[in-house]
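Working notes for the structure below.
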Amino acid sequence: QQKVQQSPESLSVPEGGMASLNCTSSDRNFQYFWWYRQHSGEGPKALMSIFSDGDKKEGRFTAHLNKASLHVSLHIRDSQPSDSALYFCAASEVAGTGSNRLTFGKGTKFSLIP
Amino acid sequence: EAAVTQSPRNKVAVTGGKVTLSCNQTNNHNNMYWYRQDTGHGLRLIHYSYGAGSTEKGDIPDGYKASRPSQENFSLILELATPSQTSVYFCASGAAGTGGGNYAEQFFGPGTRLTVL
């Protein structure tokens, strides 16, 4: 079973619109969550992290974490062409071995409707 | 500028041949990772390393070896390449330290596209 599950697989919104991406973990050891963004032809890059219950806002991006349900979401407002990318949710363990391994979901492909 | 670089960027290999993918980082990070990315699977961890001389198995290590000769360099080796290993491979670096959190941020290279015929 995939330990980090993302939905939807793909998402399209008009420019200036709002989008919501979802992620759920099935492993209670995963308590730290990251959103990574990958533009076509590039490597993934960390967008933001969230470790505590509630919301975290960075510019047009807001992440929300519910630790009880291990559900994290990413909300994008005022979508711009540069937001078109593959978005990954990733999780790391609370007390790791120092490897700081990340477990990634399969990704959500986000694009703007022209 | 601190960065993670990979070479080659593109590689075509024959089945049964040996392939070496190289990664160099100037972030001065202790930890380094190799992933493969396939449509429908996301990023999957192949091997990782805590520092020079160390290599550890990730989630899908079969058919791959890794080598970490120095802090800066981490190689992925396919001794007998197979068509199922056709993929895009990413190397990443990250800080050491326990407790997850901010230490878990990883910095990725641009990727190597490998085709095994």
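At-a-glance table
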quantity: Single match in A:His71, A:His64 (criterion: in contact with a strand residue (DSSP E or B) (Cβ under 6 Å, 6 or more places away or on another chain), away from chain B (no Cβ under 11 Å) and free of Cβ contacts under 8 Å to residues at least 24 places away in the same chain); calculated: A:His64
quantity: Subset of the range A:4-52 [closer than 18 Å to A:Arg101 by Cβ, facing chain B (nearest Cβ under 10 Å) and part of a loop (DSSP other than H, G, I, E, B)]; calculated: A:Asn29, A:Gly43, A:Pro44, A:Phe51
quantity: Conditions (1) charged (D, E, K, R); (2) over 29 Å from B:Gln6 (Cα atoms); (3) open to solvent by 60 Å² or more (accessible area, probe 1.4 Å); (4) at pLDDT below 95: number failed by A:Lys67; calculated: (3)
quantity: Any hit, the range A:92-107, residues being assigned to a loop (DSSP other than H, G, I, E, B), touching a Leu at 6+ places or on another chain (Cβ under 6 Å) and within 14 Å of chain B (Cβ to nearest Cβ); calculated: yes
quantity: Hits in the range A:70-80 (condition: of a type outside the set (Val, Ile, Thr) and modelled with pLDDT of 95 or more); calculated: A:His71, A:Ser73, A:Leu74, A:His75, A:Arg77, A:Asp78, A:Ser79, A:Gln80
quantity: Residue in the range B:77-86 that is modelled with pLDDT of 95 or more and within 12 Å of B:Trp34 (Cα to Cα) present; calculated: yes
quantity: 3 or more residues open to solvent by 60 Å² or more (accessible area, probe 1.4 Å) and touching a residue at least 12 places away in the same chain (Cβ under 8 Å): qualifying strands (runs of 3 or more DSSP E) within the range B:7-117; calculated: B:10-13
quantity: Where B:Val4 falls short, out of the listed (1) within 11 Å of chain A (Cβ to nearest Cβ); (2) touching a residue at least 12 places away in the same chain (Cβ under 8 Å); (3) open to solvent by 40 Å² or more (accessible area, probe 1.4 Å); (4) not basic (Lys, Arg); calculated: (3)
quantity: Of all residues in the range A:24-64 being more than 13 Å from the chain's Cα centre (by Cα) and closer than 15 Å to A:Thr108 by Cβ, the one that is surrounded by the most Cβ atoms within 10 Å (Cβ to Cβ); calculated: A:His39
quantity: Hits in the range B:3-21 (condition: farther than 20 Å from A:Gly41 by Cα and not polar (S, T, N, Q)); calculated: B:Ala13, B:Val14, B:Gly16, B:Gly17, B:Lys18, B:Val19
quantity: Among residues of the range B:14-46, those that are away from chain A (no Cβ under 11 Å) and farther than 14 Å from B:Pro110 by Cα, counted; calculated: 11
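The values are calculated or read from the model by the stated rules, or taken from the named source; none is laboratory data. Note that the structure is predicted; figures quoted are calculated from it, not measured. Methodologically, a virtual Cβ is constructed for each residue, glycine included, from the backbone with ideal geometry; neighbour enumeration extends over all protein chains shown. What goes into the accessible areas is simple: the full protein's heavy atoms, side chains included, and nothing from ligands, DNA or RNA. Shrake-Rupley method; radii C 1.70, N 1.55, O 1.52, S 1.80 Å.
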